[in-house]
Structures are given as structure tokens and as C-alpha cells.
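See structure below.
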């Protein structure tokens, strides 16, 4: 193992990044950055919000659609909530989409349509937490901020052979990451260390033989890199049950509900249904001969598994159940539904 200063390690990683940076639609590559091309803070912010709990591969098409439809923070701020939630459908963690609109509107109303360029000011915007504020400040504005995502945590744990389990080890990992964050090109460095974790220092079978930091990696020297980072065991997820009711009128119109703004799938369209609990009560939205479909919908959220029973009936002509939405067949788009509701629709359509 070679002894190197933090600056040596940072420079080595930047040299690697200059040749191996991933090409992504929201990124200004190192060559363009060196030529004076500045990142668009809007695109940096949008990508970082989309990438939370999601992969680059899953986000790419969503990002391209969003930026084609709303190319600036001002155009997004002026968008209708339903349009944004519809475009977001399928990405999950729908509170992000609600906060996306709140943040865009705050940038327009409070900052004249320009993202603030400091960590502290960014942190005050809706939906922007410590990681996202640091990432935007570093990548968009070249501020010397410490960016700590799962990839960076893994690189730091292995580079310094830190065995204390996550999440308790986060402060120590952040301290190591801060020491490596250089005053020169901190935005490129932040992307370099994330790229390293995503492409070489991967969770399983890291490609240590081609890692630019291999000679200085303490876990590699000790042979412990496959075991790091350690994580505190998660508690098993509970399973909740629920009922949903899918009704179509003779002319093809569908009966839908708008979920409350707060809570899971907040503000999204969905099928009327019960609560999600250990013993949910049946509660059809109108009296009818409801028929239960064979099969069930299974879906996993962050904190629990969900099993839904699906019931169907014809919506009578002239019926207008209180608080619900009757959507014309030409307006109804299954793709606007969140994933779990689309699974229910697919099961219903299959029958």
C-alpha cells in the first residue's frame, strides 16, 4: 500500500475522471468544463432529485422528457401539478415530485428564477436536504462542499478500511470525504468519486485491479474490501393488505380518486380503495355487484410490502360518487398512474 496525501489521492482521481467520466444528459464533462462550459444549475438540481433512491439507467429517459417539456426552472414552476405528477409516474417516492414543484416555484418567486449558489441558501429550498445542497453547490457552482452518497460512503469505507456499520459511521465517512475534497475542481471531483463507486468500487465484485486508488486502498491491502461497508441489519418489512375498486362506465370513462397531498402517493391519481393495514375494511365507492378478480397485486414500498385485492363493477350512467373523479376514456392514461395502481389496472385489464 502506497502512502499518499489527500491531495495526491484527489489529483489521481481527477486524472482518472478526465479519461473515464460517464456521459450523462445532465452532466458537463471534464473537457467541456475545462473549456469554460458551465453546468446548468436547473439540470443539476433536477437530476439529483430524480436520482434519489433510483439508478442512472432508470432516470435518463425521465430526465430527457422533463427537460424537453420544461427546459427551465421557470417553465417547470408554471406547469400544472397534474402534468408533472403524470410525467413522474413510475419513478416512485412521489413526495419528490411534489417538492420538485414547490422548489421550482420558490426559486422563481424568491430568487428571480436563479438557483442560489451556496450550500446554506440551497438548503433552505423545499425538498433540498444536506446531500442535494452539497451536490448542487459543488457540481453547479464549483463550491468546495462534501458530497456523500452511497457510492462515496462505499469508497471511503474501503479506502480507509472503516468497519463501523452504517448509518452510525456516516460522520466518520464524511470526515474522510471532506479531507479528500480539493479546493481545485471540487465539482469534477464530486462527480469523479461518485463515478468511481458506481463503475469500479461497486457493492459486489469491485474491480480493484483497474481502480486508480488501488495502491492506497487500506481495505484492498487487508483483503476486507468485499465486506465493506458494514451495515446495521435492517428489520424485516411488515406486510399490509388493502382493497381497490376499479369501475368503468359503458362509454369507457373510469372512476378515480385523487389521493391526499400528504402520505404515500400524495397528490397522485389512483383507484378508490381501503386503508392499507393488517385488516382493512371493504368499502366500495358505490353500491353495486362488485366482483373480486382472481389474483392479487403485490408491491413493495420503502417500509412495507403491500398486497391488494382487486374488485370491479360497472359504473352506472349518471352516477357521480362524492369526492371521486370520473375521467373520460380519452383523458385517462394508465401511464399517469403510480406503479402500484398501474399494476392493479393491468390485472383488471387482463380479465
Q: Answer with yes or no whether residue 186 is in contact with a helix residue (DSSP H, G or I) (Cβ under 9 Å, 6 or more places away or on another chain) and within 23 Å of residue 136 (Cβ to Cβ).
A: yes
Q: Would you mind finding the one in 171, 116, 183, 126 that is part of a loop (DSSP other than H, G, I, E, B), out of contact with any strand residue (DSSP E or B) (no Cβ under 6 Å at 6 or more places or on another chain) and under 30 Å from residue 234 (Cα atoms)?
A: 126
Q: Could you grab me the full set of residues in region 105-116 that are without any contact (Cβ under 8 Å) to a residue 60 or more places away in the chain and either touching a helix residue (DSSP H, G or I) at 6+ places or on another chain (Cβ under 6 Å) or buried (at least 20 other Cβ atoms within 10 Å of the Cβ) (or both)?
A: 105, 107, 108, 113, 116
Q. Which of the following residues is in contact with a helix residue (DSSP H, G or I) (Cβ under 6 Å, 6 or more places away or on another chain), closer than 18 Å to residue 267 by Cβ and at pLDDT 95 or above: 89, 77?
A. 77
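Consider residue 280 carefully, then state whether it is surrounded by 19 or more Cβ atoms within 10 Å (Cβ to Cβ) and either farther than 22 Å from residue 96 by Cα or free of Cβ contacts under 8 Å to residues at least 60 places away in the same chain (or both).
Against the criterion (surrounded by 19 or more Cβ atoms within 10 Å (Cβ to Cβ) and either farther than 22 Å from residue 96 by Cα or free of Cβ contacts under 8 Å to residues at least 60 places away in the same chain (or both)), residue 280 does not qualify.
Please state which one of 239, 202 is on the phi < 0 side of the Ramachandran plot, in contact with a helix residue (DSSP H, G or I) (Cβ under 9 Å, 6 or more places away or on another chain) and modelled with pLDDT of 95 or more. Working first, answer last.
Values: 239 fails: in contact with a helix residue (DSSP H, G or I) (Cβ under 9 Å, 6 or more places away or on another chain).
Unique residue meeting the criteria: 202.
Results for (1) closer than 21 Å to residue 83 by Cβ; (2) modelled with pLDDT of 90 or more, shown as yes or no for each residue.
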| residue | (1), (2) |
| --- | --- |
| 267 | yes, no |
| 270 | yes, yes |
| 273 | no, yes |
| 277 | no, yes |
| 290 | no, yes |
| 302 | no, no |
| 339 | yes, yes |
| 342 | yes, yes |
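Listed here are the residues, each with its yes/no results for (1) outside the structural domain of residue 48 (by TED's automatic domain parsing); (2) in contact (Cβ under 8 Å) with a residue 12 or more places away in the chain; (3) buried (at least 18 other Cβ atoms within 10 Å of the Cβ).
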position: 146; (1), (2), (3): no, yes, yes
position: 163; (1), (2), (3): no, yes, no
position: 170; (1), (2), (3): no, yes, no
position: 175; (1), (2), (3): no, no, no
position: 189; (1), (2), (3): no, yes, yes
position: 194; (1), (2), (3): no, yes, yes
position: 217; (1), (2), (3): no, yes, yes
(Q) Among the residues in region 1-23, are any in the same structural domain as residue 135 (by TED's automatic domain parsing) and at positive phi? (A) no
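For residue 140, indicate whether it is closer than 27 Å to residue 202 by Cβ, surrounded by 16 or more Cβ atoms within 10 Å (Cβ to Cβ) and either touching a residue at least 12 places away in the same chain (Cβ under 8 Å) or in contact with a strand residue (DSSP E or B) (Cβ under 8 Å, 6 or more places away or on another chain) (or both).
Working: closer than 27 Å to residue 202 by Cβ: yes; surrounded by 16 or more Cβ atoms within 10 Å (Cβ to Cβ): yes; either touching a residue at least 12 places away in the same chain (Cβ under 8 Å) or in contact with a strand residue (DSSP E or B) (Cβ under 8 Å, 6 or more places away or on another chain) (or both): yes.
Yes, satisfied.
The values are calculated or read from the model by the stated rules, or taken from the named source; none is laboratory data. As the structure is a computational prediction, the values presented were derived from the model and not from experiment. Please note: Cβ atoms are built from the backbone with ideal geometry, for glycine as well, and neighbour counts cover all protein chains shown.
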